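As structure tokens, the structure follows; a few thoughts come after it.
Where a number appears in this text, it was derived from the coordinates with a stated rule and is not lab data. Only a predicted model underlies this, so the values are computations on that prediction, with no experimental measurement involved. Glycine also receives a Cβ, built like all others from the backbone with ideal geometry; neighbour counts cover every protein chain displayed.
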Amino acid sequence: MRVLVLGPPGAGKGTQVKFIVERFGIPHISTGDIFRQAVAKRTKLGLMVKQYLSEGKLVPDELTIDLVKRRLKKKDTWNGFVLDGFPRTLVQAKALDEMTDIDRVIYIKVSPKEIVRRLAGRRTCLSCKAVYHIKHNKPRKEGVCDGCGSPLRQRDDDKEDTIRDRLEVYNRQTVPLLRYYSRAGKLVTIDGSLGIEGIAEEIRKVLG
Ligand code: AMP
């Protein structure tokens, strides 16, 4: 089960990936999470990528590809994995094809207007990475994660200006991947307006 989840920022990829991971017991590989952790821990990698993340720009391909290559060599990926946030460019997609064979590419389709609405209200748990929305998916207690009790915060790159930059980058760099995977016969498009449960159900149908 080697799955890739594609979609604009705010499509709900993280939430759906969690379901897939629980269902199949395969690791979740999110390049965004790896980069954010590195920034938080101030590692060498973190210092290199900090600026890109805060401006909503893509980290250079070479660095990102190298990171994923090393991650996919770990034993826990032998039964499969879910990639989230990678690949984001054609160069990355081609590099991934050299590393492994992807079985399915799940594309969660959401309109740009809806994305801005979702991301601007998104709040993320500092600790367990659970995501909430200030209007549509409120935690029981404001600013506190239901699951682990840690504080919720707005990601720096979820501020409105950066969201627009991220969307622009997505349209320019990542949208061409849809055609790439469609041609390879691997793309499955799912309507992102179906809601968390509806999308999960569609994904279950596809992955079995
Ligand atoms: P995400 O959590 O997937 O939205 O990623 C957050 C940020 O990490 C992005 O805006 C980029 O700056 C960086 N990033 C994550 N994945 C990649 C990737 N595959 N290629 C380049 N930059 C990435």
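Applying both filters, DSSP loop and at most 12 other Cβ atoms within 10 Å, to the trypsin sites (Lys or Arg not before Pro) of region 28-94 gives Arg42, Lys73, Lys74.
Report the full-extension gain for the segment Lys138 to Asp103: residue separation times 0.36 nm, less the Cα-Cα distance, to one decimal in nm.
Numbers: separation 35, 0.36 × 35 = 12.60 nm, distance 3.50 nm.
Once the chain is fully extended between Lys138 and Asp103, it gains 9.1 nm.
Just so you know, the Cα atoms of the chain work out to an Rg and Dmax of 16.3, 47 Å. Over the residues of the chain, the helix contribution to mean residue ellipticity at 222 nm works out to -14000 deg cm²/dmol, using -39500 (n - 2.57) for each DSSP H run of at least 4.
Charging the Cβ of each Asp and Glu at -1 and of each Lys and Arg at +1, and nothing else, the dipole of the chain about its Cα centre rounds to 340 debye.
Within the chain, antiparallel bridges make up roughly 30 percent of the DSSP beta bridges whose residues both belong there.
Let me check against my output: what whole-number percent is the relative contact order of the chain, with C-alpha pairs under 8 Å and at least 6 apart?
29
Computed about its Cα centre, the charge dipole of region 116-167 is approximately 240 debye, with only Lys, Arg, Asp and Glu carrying charge at their Cβ.
Residues whose amide H falls under 5 Å from that of Arg104, counting only those 5 or more places apart or on a different chain, are Arg2, Leu4, with hydrogens built in the peptide plane.
Max-minus-min Cα coordinates of region 53-152 on each principal axis give 46, 33, 27 Å, with the largest extent listed first. Separation of region 144-208 and region 1-53, taken as the distance between their Cα centroids, equals 11 angstrom. Dividing the alpha-carbon radius of gyration of region 34-82 by the rule-of-thumb value 2.2 N^0.38 Å gives 1.26.
Given Lys74/Lys138; Lys13/Lys94; Lys44/Lys73; Lys18/Lys186, which pairs have Cα atoms separated by over 26 Å?
Details: Lys74/Lys138 36 Å; Lys13/Lys94 22 Å; Lys44/Lys73 21 Å; Lys18/Lys186 21 Å.
Lys74/Lys138, as the Cα separations exceed 26 Å there.
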